[in-house]
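Chemist: Dropping the structure in here first, questions after.
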Amino acid sequence: MYIVMTSKDGPVTGSYTRGVADLATRNLRVLLPRTRVWVVSSTAAEIQQKALEVLACPIDAEITTAHRVEYEGTVLTQHLRRLTLRGLVDSNIRGSERRSQGEGWTRELAESHAAFARATGVSEHRVHFTF
């Protein structure tokens, strides 16, 4: 296993393979132009201890835009949050009777998460393995 490090943020993400770690490194250098980015060998225990997201495949290392969608009553609000790696987008669902929020790497995914939170009243849920 490998950890992708930056001089600005320290450990950013983990990876099962060197190829995915190298791809994430190249893409982070594009996103963070004046920041040193490198790969170090690691163990699963270290990645778990640091609570890092693990990039499982090359798609997770692609550059994407993180989206957030919020419903307040019937009002829908959309936000473009930041450019990041697809595997690092927070796929979180938060909801209550009056307000719900979803995040994802596409507006449609974020909107479906927010709609699910609104329909079920889920207070906080982290979505793993979304395609």
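The values are calculated or read from the model by the stated rules, or taken from the named source; none is laboratory data. Note that the structure is a prediction, hence the values are computed from the model and not measured. So basically every Cβ, Gly included, is an ideal-geometry build from the backbone, and we count neighbours across all protein chains shown.
Chemist: Answer yes if at least one residue in segment 84-94 is acidic (Asp, Glu) and within 15 Å of the chain's Cα centre (by Cα), and no otherwise.
Modeler: Yes: segment 84-94 contains one or more residues that are acidic (Asp, Glu) and within 15 Å of the chain's Cα centre (by Cα).
Chemist: Tell me which residues, restricted to segment 16-36, are modelled with pLDDT under 95, surrounded by 15 or more Cβ atoms within 10 Å (Cβ to Cβ) and among the polar types (S, T, N, Q).
Modeler: none
Chemist: Mind listing just one residue for me: the one in segment 95-107 that is assigned to a loop (DSSP other than H, G, I, E, B) and not β-branched (Val, Ile, Thr) and, of those, farthest from Arg82 (Cα to Cα)?
Modeler: Residues of segment 95-107 that are assigned to a loop (DSSP other than H, G, I, E, B), as a first pass: 96-98, 105-106.
If we keep only those that are not β-branched (Val, Ile, Thr) too, we end up with 96-98, 105.
Details: Ser96: 25, Glu97: 28, Arg98: 26, Trp105: 10 Å.
That would be Glu97.
Chemist: Would you call Ala110 outside any loop (DSSP other than H, G, I, E, B) and over 19 Å from the mean Cα position of the chain (by Cα)? Give the derivation first.
Modeler: Values: outside any loop (DSSP other than H, G, I, E, B): yes; over 19 Å from the mean Cα position of the chain (by Cα): no.
Considered against the rule, which asks whether it is outside any loop (DSSP other than H, G, I, E, B) and over 19 Å from the mean Cα position of the chain (by Cα), Ala110 comes out as no.
Chemist: Can you name every residue in segment 37-58 that is modelled with pLDDT of 95 or more and either touching a Lys or Arg at 6+ places or on another chain (Cβ under 8 Å) or within 17 Å of Asp90 (Cα to Cα) (or both)?
Modeler: Val37, Val39
Chemist: Let me ask something else. Answer yes or no: is there a residue in segment 87-102 that is of a type in the set (Ser, Thr, Tyr) and more than 28 Å from Arg18 (Cα to Cα). Spell out how you get there, then give the answer.
Modeler: First pass over segment 87-102, keeping only residues of a type in the set (Ser, Thr, Tyr): 91, 96, 100.
Cutting the leftovers down to more than 28 Å from Arg18 (Cα to Cα) gives us 96, 100.
Yes, some residue in segment 87-102 is of a type in the set (Ser, Thr, Tyr) and more than 28 Å from Arg18 (Cα to Cα).
Chemist: For the condition farther than 13 Å from Leu85 by Cα, basic (Lys, Arg) and out of contact with any Leu (no Cβ under 9 Å at 6 or more places or on another chain), what is the one hit in Arg29, Arg18?
Modeler: Result: Arg18 is the single residue among Arg29, Arg18 that is farther than 13 Å from Leu85 by Cα, basic (Lys, Arg) and out of contact with any Leu (no Cβ under 9 Å at 6 or more places or on another chain).
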